[in-house]
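I have placed the structure first, in the form of structure tokens, so that the comments after it can refer back to it.
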Amino acid sequence: MSDPHQSEPHTPEPHTPDPDPGRSWAAMRDWLADSVTGIPQGGVLDLGPGEHDESDPDAGDVPCAQILVLRDHTMMVRLSTTVMDVPMIGGYVVPRAMLDRWNYEDRFGDCTHGYLLTRSPGCVADICIAWFRDRRAITTPTMLGCSYATGDPRLLSPSRNVPSRNADGGDP
């Protein structure tokens with residue numbers, strides 16, 4: 001039986017040359033910024049090569065981006081060269097001082113190349129586009145696919161150990 005919170009991966013149409021890659025990337029940025037605003041707390045959007053086969057052990061590096069929605073409309077963007085698992089952090093509160101700072105330590109143990117916590121959908125979209133287009137040389141967004149999963153509500157309720165909404169002393 002399939003998980004009701006998991007959607008099937010999106011498989012793009014076969015790749016065709018893009019007559020105007022700049023316009024395609026701009027449209028991708030707009031779509032991504034708009035899409036992340038509608039993801040509920042605990043939701044996850046994974047982006048990566050549309051034709052990637054996880055069962056192929058010789059696939060090599062696989063550029064991936066993952067967007068997780070935390071509490072208070074905060075998003076965590078992670079970049080990697082391997083397919084990432086989803087951490088169970090949807091209910092975490094992020095102090096304002098941690099927002100909009102790139103966290104990078106060469107490469108983390110899970111092959112994550114860094115992460116950012118932000119409340120800006122445009123920032124999320126810009127990071128993902130730059131990762132694929134500029135850092136991983138993906139020539140057109142039509143080469144990408146995505147999958148979306150909603151969070152499990154049982155895992156999202158705050159516990160006594162989670163700081164309150166304004167734990168950093170400021171506005172959310």
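The values are calculated or read from the model by the stated rules, or taken from the named source; none is laboratory data. Keep in mind that this is a model prediction, so the values were computed, not measured. For the accessible areas, the whole protein counts, side chains as well, though only heavy atoms, and no ligand, DNA or RNA atoms are used. Shrake-Rupley method; radii C 1.70, N 1.55, O 1.52, S 1.80 Å.
Quick notes
- Heavy-atom accessible surface of TRP31, to the nearest 10 Å², is about 110 Å², with a 1.4 Å probe and all protein chains retained.
- If the segment from ALA26 to ASP72 were pulled out straight at 0.36 nm per residue, it would be longer than the present Cα-Cα gap by 13.8 nm.
- Segment THR82-TYR104, extension gain: residue separation times 0.36 nm, minus the distance between their alpha carbons: 6.3 nm
- Of the residues MET28, MET98, the one with the largest accessible area comes first in the ranking MET98, MET28, computed with a 1.4 Å probe on protein heavy atoms.
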